[in-house]
1. Anyone know which of 131, 161, 240 comes out most mobile in the 10 Å Cα GNM of the chain?
2. Distance from the Cα centre of the stretch 147-169 to that of the stretch 329-347, in angstrom?
3. Given a 1.4 Å probe and heavy atoms of the protein chains only, how would you sort 319, 278, largest accessible area at the top?
4. Per residue, how much accessible area does the stretch 1-138 have with a 1.4 Å probe, in Å²?
5. Residue 317 accessible area, nearest 10 Å², 1.4 Å probe?
6. Pull up the DSSP beta bridges for the chain and report the antiparallel fraction as a percent, rounded to 5.
7. Could you give the nm distance between label points at residue 320 and residue 367, where each point is 7 Å from its Cα heading toward the beta carbon?
8. Please work out the FRET efficiency for the pair residue 185 and residue 285, using the Cβ-Cβ distance as r and a Förster radius of 35 Å; give the result to the nearest 0.05.
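The values are calculated or read from the model by the stated rules, or taken from the named source; none is laboratory data. What you see is a predicted model, and the numbers here were worked out from it, not measured in a lab. So basically every Cβ, Gly included, is an ideal-geometry build from the backbone, and we count neighbours across all protein chains shown. Just so you know, the surface numbers come from the protein's heavy atoms only, side chains and all, with ligands and any DNA or RNA stripped out. Shrake-Rupley method; radii C 1.70, N 1.55, O 1.52, S 1.80 Å.
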Amino acid sequence: MYYLPPLSLYIHIPWCIKKCYYCDFNSHELTKQVSYIDYINHLLLDLKNDFYLISNREIYTIFIGGGTPNLIDINSMDILINGIRKILNFSENIEITIEINPGITNDNILSFYKNVGINRISIGAQSFNINHLKSLGRIHNPKDIKNTIELVKKFELNNFNIDLMYGLPNQSIKEAINDLYQTISLNPSHISWYQLTIEPNTFFSSQCIDLPNEKILLSIFQKGHSLLRKAGYQQYEISNYSKPNYFCKHNLNYWYFGDYIGIGCGAHGKITQPDGQTLRTIKNRHPKKFMKGLYLSRKYFISENDKPFEYFINRFRLTSAVCRKEFEFSTGLKENFIRAHMDIAIEKGYIFETKENWQLSKKGKLFLNDLLELFIID
Ligand code: SF4
């Protein structure tokens, strides 16, 4: 049988109390009451519909993302987690992550997460500066973040991530680095440290926003990166840093081109079939449509020509070298399939090749988009 990579499950919760000004995720501002239990029942049906695609394989990680997953009441979340347990086999050391918004977290929610088996918490802090939080349209304040982390620690949910952004409107180098100091002082096992980008169809994209210039951004990155290193965090992906052995297994599975089922509004799935074909599933984005039972928007097999680009766009996010054998078993393609393209990448100085590995050069990191374009095969 064909090599089947680890299998994860992504669950999308599509609502937020208020849409943040920079957000281009599939999240819908709550304007009227929503029946969460109805949505949970649809999620379980969506999962049952996909079940035939996974040949009874074990689930290695689960990620409940959004949107704002901690909007879902405890009873509904209990039905979701226990419903999934009845459908899927969990691996022994399964990682189960939930994203939470500090503005709406309390004791009951966190003690429930601990009891139901959630073992990784990802906290959307973004900044510890009240003015910047306001300018991003976030609903929480710095005290909410600290209170949430106190609760996370109280319930010994020790594997927790803090999401932090830099390059915010009018943010100085000092402010950005102060945000990192505050983050590190809370001792998270993992820090996702992203640069703010203005995406189309967001509130910010319709405004004149004053973002820090390239020189300031570079200085923030260099100072911040060295601060994180000194504090014992290892960068393993463009924006992700962790203490040793606390990498996010779920995201690593995406970046290693692993498999995942995606359930809920707009969720994507990638599932390798026993014959070696790779199926892509895309669910309907809008809750109205999804909650009418219309889950699947599209499904198709990823063509051989598309696989190298899809593989490298994920894999080159990681700092570790790409094992040449890993390319073959992850994509099911022989190296010859991309040899000519790889030779150009090496010739242009984007990649160093050894007998075993391909390693991105400094130039490759800097011109990543140009490098990736080399693997677009017609
Ligand atoms: S809380 Fe997250 S998902 Fe919701 S609007 Fe803000 S950034 Fe988007």
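1. 131
2. Here the two parts' Cα centres lie 40 Å apart.
3. 319, 278
4. In whole numbers, the stretch 1-138 has 41 Å² accessible per residue.
5. Ignoring ligands and nucleic acids, residue 317 comes out at about 80 Å².
6. Restricted to the chain, the bridges split so that about 40 percent are antiparallel.
7. Going by the 7 Å Cα→Cβ label model, 2.8 nm.
8. Using R0 = 35 Å, I get an efficiency of 0.35.
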